[in-house]
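The values are calculated or read from the model by the stated rules, or taken from the named source; none is laboratory data. All figures in this text were calculated on a predicted structure; none of them were measured in a lab. All Cβ positions, glycine included, derive from the backbone under ideal geometry; neighbour counts span all protein chains shown.
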């Protein structure tokens, strides 16, 4: 779905009009194109210590120009990386954060700010925990101050994981790149030193077999297209009633279609059987299928409540159980589930939907622990306001509000959700598990 | 500070006008008065199993009328308690949640909905984790559907903690009571079976010596008054420049004043010395003192950044260190820090303030772990929009927005923050540590 408003106010007389009337002026976000530069200019790296030096070496290996001192007047920066992994007390944030602040005006449109710091834990001494947790408040505020499509996100390293661990670099590339266009104000936690950067950064899923449920349209179809673009072989799944649309998507991505009601008891076995018999393996499972049956709880009936729970969470649990019990998955199996900001913040009229999506997040954290031994991961993405057929049916005034109350002042595109899933499904994210990554433009609504 | 708008639209022709124009119509919230009933009517208890039965017994001991079946037509409920501690999969939420939903229209103004469930953990099987996490999405949505000052909050029991453990009952009483007027959409986690309900519920802090920093005005003065009302002996602390106001507060609460710059290296020693020499002990420390020095990070200077860090977090760390190292505190020492929703969600223009307040949350989690052995606790409250001299200086339009974008459609009062702190400082909260309790009327802004 196009966002006509953003088109209108981003050029010509529409742009002048919006400026004069003080209307929100969302900009066209930089989105991924194979072969385009990772960032739109040199990257300023602030902070000192082993982490900063390791990040400099790694980023130079990506053919980026890295500045370690304040940029010369007139420089346009593609990004700022703030290395904070060595802070030991809250006073240590000052120098690197202010150095980053002094360079904010030099950022190009759709530039990136990325913090690299350590996850705060109860095992930390209080001053250390305060410094580490403080990074989160800083970054979330900073992201709200950026303009012109620039975003701010952070990487949280577990103790023992170095700043240049594969998944830390994978997350850094993702956040710097156009793939994270609509990810803003968010953190990814790198829990282990597992993971592997791809040989070809434009084909990170080469050789992988991926199943996507609910793939006949909308976000699911975008996920299938994006994973296929990144090199995966696709199995697209949807209900028989969506068979025609599903066949079109399957043709488009040169994959195979599986018509299946995911709430059936044997859905997991059928998915596995299809993937193994047709493609010889199953590496990635994307649980995207989901429904809404909105009603205030005072008016909710059991049919509406139960159907949402059945499709959105019970089916995922049953399918995962079947796959994990089969013993027929390879090492490094990837599960990515689609949750929702409604599951985090709650939403009026969506007690059932929010229960199911919060449930998905609980499931993912538990499943991550169970997959750790085999090198597998389970993560979720939580979309905010995304421009789809579903959101196009929201009444105009509400839709306009929903779209604008985020730091990027616009709705996201289905491809934005797909890019985040593509990253979490890749080998580069092998050290990232049990995360919930919001794809919401830093949507205001939260816990 | 009075909220004149709420006064205006809650009675007479102002009420009619607001109704016709479709303006927000916040209601006067029920607030604590000694001797008033805990809830404004009978309590419907839904859910089954040992947890529900234990809760029934406990609540009957508080002289509440408890209904276990749908209320008769015409009944006005004071609250609904949803016992969900026995759920094992997401399907188990349906019956009790729908039973609660069917009774929502019977709720009195300022009634209460409280869920009692178990904290989701990575050790849970995926279906169990999904069910437990699902409660959070349900409750947060439900709270957004309540009207007329009614609130929804939840209690998360750690495994091994029963539904009628002292702090679970303490949290239940707090959530049911008028003390939690502006706490909405929030959870308290009960981590241990420690804690003790007070002999006199109107004097839960009898015999305690409490120190409150930043107590000369605003929220700090309200904290001092509320803790004194609840039976504590007060030491009120503020900078020498606020000496006159501080003396007035000290007189009012029949406590003693300590003029002190909390950023001085010996602040902790001076607080301890004062409390011990004047009052013979120190049981409760409330870190309320805080400052703002707002600027966009691009315009921030080191003086502004560093002063906020020094007052809001570094001072708390240094004072805690001194007190905990002294070996002169009793068992069950209580620390309650004032954080902010800005530290959770981030806020434009407040990178420094959000860093300090997020830091407070990290500090509290770490300190909680260090106090566990001695039966002490450390927690934080995170106020949202509270009507104070500080918020009265926000330009009108921004202030109106800030006040209305929460489920109760109004700003909170300083006493609302104070009540939450009073609860966390009490013996009844002995099993609650490392929590951050938002006092924000379910302010929309979050992570």
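So in segment A:332-346, with the set limited to residues that are within 7 Å of chain B (Cβ to nearest Cβ) and either free of Cβ contacts under 8 Å to residues at least 40 places away in the same chain or over 22 Å from residue A:417 (Cβ atoms) (or both), which one is nearest to the chain's Cα centre (by Cα)?
Step one: list which residues in segment A:332-346 are within 7 Å of chain B (Cβ to nearest Cβ), which gives A:343, A:345-346.
From what is left, the residues that are either free of Cβ contacts under 8 Å to residues at least 40 places away in the same chain or over 22 Å from residue A:417 (Cβ atoms) (or both) are A:343, A:346.
Values: A:343: 16, A:346: 20 Å.
So, considering only residues that are within 7 Å of chain B (Cβ to nearest Cβ) and either free of Cβ contacts under 8 Å to residues at least 40 places away in the same chain or over 22 Å from residue A:417 (Cβ atoms) (or both), the one nearest to the chain's Cα centre (by Cα) is A:343.
Please find, within segment B:137-164, the residue that is nearest to the other protein chains (Cβ to nearest Cβ) out of those that are touching a strand residue (DSSP E or B) at 6+ places or on another chain (Cβ under 7 Å) and farther than 22 Å from residue B:106 by Cβ.
Initial filter on segment B:137-164 (touching a strand residue (DSSP E or B) at 6+ places or on another chain (Cβ under 7 Å)): B:139, B:142-143, B:146, B:148-159, B:161, B:163.
Of the ones still in play, those that are also farther than 22 Å from residue B:106 by Cβ are B:155-159, B:161, B:163.
Working: B:155: 16, B:156: 12, B:157: 15, B:158: 14, B:159: 13, B:161: 18, B:163: 20 Å.
Once the filter is applied, the top-ranked residue is B:156.
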(1) touching a helix residue (DSSP H, G or I) at 6+ places or on another chain (Cβ under 6 Å); (2) over 27 Å from residue A:204 (Cβ atoms); (3) not in a loop (DSSP other than H, G, I, E, B) all hold for residue A:170 apart from (2)
All-but-one check, residue B:23 against (1) surrounded by fewer than 18 Cβ atoms within 10 Å (Cβ to Cβ); (2) in contact with a strand residue (DSSP E or B) (Cβ under 8 Å, 6 or more places away or on another chain); (3) closer than 24 Å to residue B:184 by Cβ, failing number (2)
From the option list B:158, B:130, single residue qualifying as out of contact with any helix residue (DSSP H, G or I) (no Cβ under 9 Å at 6 or more places or on another chain), assigned by TED's automatic domain parsing to the domain that holds residue B:52 and within 30 Å of residue A:318 (Cβ to Cβ) is B:158
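Only one of B:347, B:352 is assigned to a helix (DSSP H, G or I), at pLDDT 95 or above and within 27 Å of residue A:101 (Cβ to Cβ). Can you tell me which? Can you show your working first?
Working: B:347 fails: assigned to a helix (DSSP H, G or I).
Matching residue, one of B:347, B:352: B:352.
Please work out if residue A:124 is within 14 Å of another protein chain (Cβ to nearest Cβ) and surrounded by fewer than 24 Cβ atoms within 10 Å (Cβ to Cβ).
Details: within 14 Å of another protein chain (Cβ to nearest Cβ): yes; surrounded by fewer than 24 Cβ atoms within 10 Å (Cβ to Cβ): yes.
Yes; evaluated as a whole, the condition is true for this residue.
Evaluate segment A:320-331: report whether one residue or more is more than 8 Å from chain B (Cβ to nearest Cβ), under 16 Å from residue A:213 (Cα atoms) and touching a helix residue (DSSP H, G or I) at 6+ places or on another chain (Cβ under 6 Å). Show your work before the answer.
Filtering segment A:320-331 down to residues more than 8 Å from chain B (Cβ to nearest Cβ) leaves A:322-331.
Those left that are additionally under 16 Å from residue A:213 (Cα atoms): A:322-323.
Narrowing further to those that are touching a helix residue (DSSP H, G or I) at 6+ places or on another chain (Cβ under 6 Å): A:322-323.
Yes, because at least one residue in segment A:320-331 is more than 8 Å from chain B (Cβ to nearest Cβ), under 16 Å from residue A:213 (Cα atoms) and touching a helix residue (DSSP H, G or I) at 6+ places or on another chain (Cβ under 6 Å).
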Flagged in segment B:288-319 as at the interface with chain A (Cβ under 8 Å from one of its Cβ atoms) and crowded, with 21+ Cβ neighbours inside 10 Å, in numbering order, are B:297, B:300, B:305, B:309, B:313, B:314, B:317
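Does residue A:188 satisfy the criteria of being in a strand (DSSP E or B) and crowded, with 24+ Cβ neighbours inside 10 Å?
On the way: in a strand (DSSP E or B): yes; crowded, with 24+ Cβ neighbours inside 10 Å: yes.
So residue A:188 fits the description; yes.
Consider residue B:359 carefully, then state whether it is in a helix (DSSP H, G or I), within 13 Å of chain A (Cβ to nearest Cβ) and in contact (Cβ under 8 Å) with a residue 40 or more places away in the chain. Give the derivation first.
On the way: in a helix (DSSP H, G or I): yes; within 13 Å of chain A (Cβ to nearest Cβ): yes; in contact (Cβ under 8 Å) with a residue 40 or more places away in the chain: yes.
Considered against the rule, which asks whether it is in a helix (DSSP H, G or I), within 13 Å of chain A (Cβ to nearest Cβ) and in contact (Cβ under 8 Å) with a residue 40 or more places away in the chain, residue B:359 comes out as yes.
Could you identify the single residue in A:107, A:84, A:139 that is out of contact with any helix residue (DSSP H, G or I) (no Cβ under 7 Å at 6 or more places or on another chain), within 20 Å of residue A:169 (Cα to Cα) and buried (at least 24 other Cβ atoms within 10 Å of the Cβ)? Steps first, please.
Working: A:107 fails: within 20 Å of residue A:169 (Cα to Cα); A:84 fails: out of contact with any helix residue (DSSP H, G or I) (no Cβ under 7 Å at 6 or more places or on another chain).
Selected residue: A:139, the only one of A:107, A:84, A:139 that is out of contact with any helix residue (DSSP H, G or I) (no Cβ under 7 Å at 6 or more places or on another chain), within 20 Å of residue A:169 (Cα to Cα) and buried (at least 24 other Cβ atoms within 10 Å of the Cβ).
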For segment A:78-110, the count of residues that are touching a strand residue (DSSP E or B) at 6+ places or on another chain (Cβ under 6 Å) and within 13 Å of another protein chain (Cβ to nearest Cβ) equals 9
